[in-house]
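One structure is given below, encoded as structure tokens.
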Amino acid sequence: MEQTISIENRIQEVLANDPLFNVIQETPAEHHFLSEPYLNELIEKKYYSTPEVASWFDVTDAQLRYYIKPFEEYLFDRQASNPTTATVIRLDFKAILKLRMILLLKDEYRVKGLKQLLRINEDGHIVKQVPTQETLPDVTYDKRIDNLTQALAQIMHTRLFLMEQNEETEEIKLTLNEDFLQQKIKALPSESSQEIKKLQSKTEQLEQKNQELAEKVEGFLTSNKEDIAIRIREKHIEQSVLNRLENEALTQYAATKRWQLFRKFFNSTQIEIEKKQYIAAYINEHFPEQMTQALHEYHEHLVE
């Protein structure tokens, strides 16, 4: 018998690692996005017209097309099989989901903010991120956190400790459960003084391990904060590189002889299109190398 999955699970599969879906998942709009009535009508291998999709989203066809234009490369993934033409736009299952997220987030982020989230440049193309060692998942770090979590769970299972949180600093601290310990001691026979000494010794050892565990957790939390600061700085470096390349491209373009010829024979619109194409090509050519160099210099500075 053929197994089926829910539309919610299918959406999560299709949009895995999608930047806008990551944003949606952190907002109250997630439930609304995953449960709208139009989803029951969608057929995954079918294409839909913009008037039909606009009726689902309670907007006009013109409004829908307005939000399609700046995000064409994101919506259609450069699909060669898409039947979209210059006048007729056809949307498939994935494109409709992406377009719906754009409409849900447009009031908060506007077009400019959405394009930044999707890394779309002024020419409408998605700028590919150059992977660095720092952006790769740290499997070792995750494993160490899991081990520490399991160790903490085992300690708490003994009921010898209580977990308390400072309301001001939000710091979590483990303290000895004196009441539980006294109950255990009283329950022992009077002749079990030797066993009591052993229990006290074990308790001291657990306290020592608890202190070591707390120090390790604090160290990992501090390291995590530093990692976040580094990633924020890397994003700033990336934007600086893009801005610098754009300025360099503008300077070189203005100095070329083609610029003077276009001013004589083409209107301003054509000049603007050619300028954007030149800038985009220049950035695509030089961005990976300069970004890698900038990150290398930054991390060398951190080491120093």
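The table below gives the values:
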| quantity | calculated |
| --- | --- |
| Test result for Ile68, at pLDDT 90 or above, over 14 Å from Leu20 (Cβ atoms), in a helix (DSSP H, G or I) and open to solvent by less than 10 Å² (accessible area, probe 1.4 Å) | yes |
| Filter result for Pro83 (in contact with a strand residue (DSSP E or B) (Cβ under 9 Å, 6 or more places away or on another chain), modelled with pLDDT under 90, in a loop (DSSP other than H, G, I, E, B) and farther than 20 Å from Phe33 by Cβ) | yes |
| Complete set of residues in the stretch 173-194 that are open to solvent by 100 Å² or more (accessible area, probe 1.4 Å) and modelled with pLDDT under 65 | Ser190, Glu191 |
| Of all residues in the stretch 6-56 being among the basic types (Lys, Arg) and loosely packed, with under 15 Cβ neighbours inside 10 Å, the one that is modelled with the lowest pLDDT | Lys45 |
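Here is a yes/no grid of residues against (1) under 25 Å from Leu118 (Cβ atoms); (2) at pLDDT below 80; (3) open to solvent by less than 70 Å² (accessible area, probe 1.4 Å):
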| residue | (1), (2), (3) |
| --- | --- |
| Lys225 | no, yes, no |
| Ala229 | yes, yes, yes |
| Leu245 | yes, no, yes |
| Ile273 | yes, no, no |
| Ala294 | yes, no, yes |
| Glu304 | no, yes, no |
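Table: residues versus (1) at pLDDT 90 or above; (2) open to solvent by 80 Å² or more (accessible area, probe 1.4 Å).
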{"position": "Arg110", "(1), (2)": "yes, yes"}
{"position": "Leu114", "(1), (2)": "yes, no"}
{"position": "Asp123", "(1), (2)": "no, no"}
{"position": "Glu171", "(1), (2)": "no, yes"}
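The values are calculated or read from the model by the stated rules, or taken from the named source; none is laboratory data. Note that the structure is predicted; figures quoted are calculated from it, not measured. Positions of Cβ are generated from backbone atoms using ideal geometry, with glycine treated the same way; all protein chains shown enter the neighbour counts. With ligands, DNA and RNA removed, areas are computed over all heavy atoms of the protein, side chains included. Shrake-Rupley method; radii C 1.70, N 1.55, O 1.52, S 1.80 Å.
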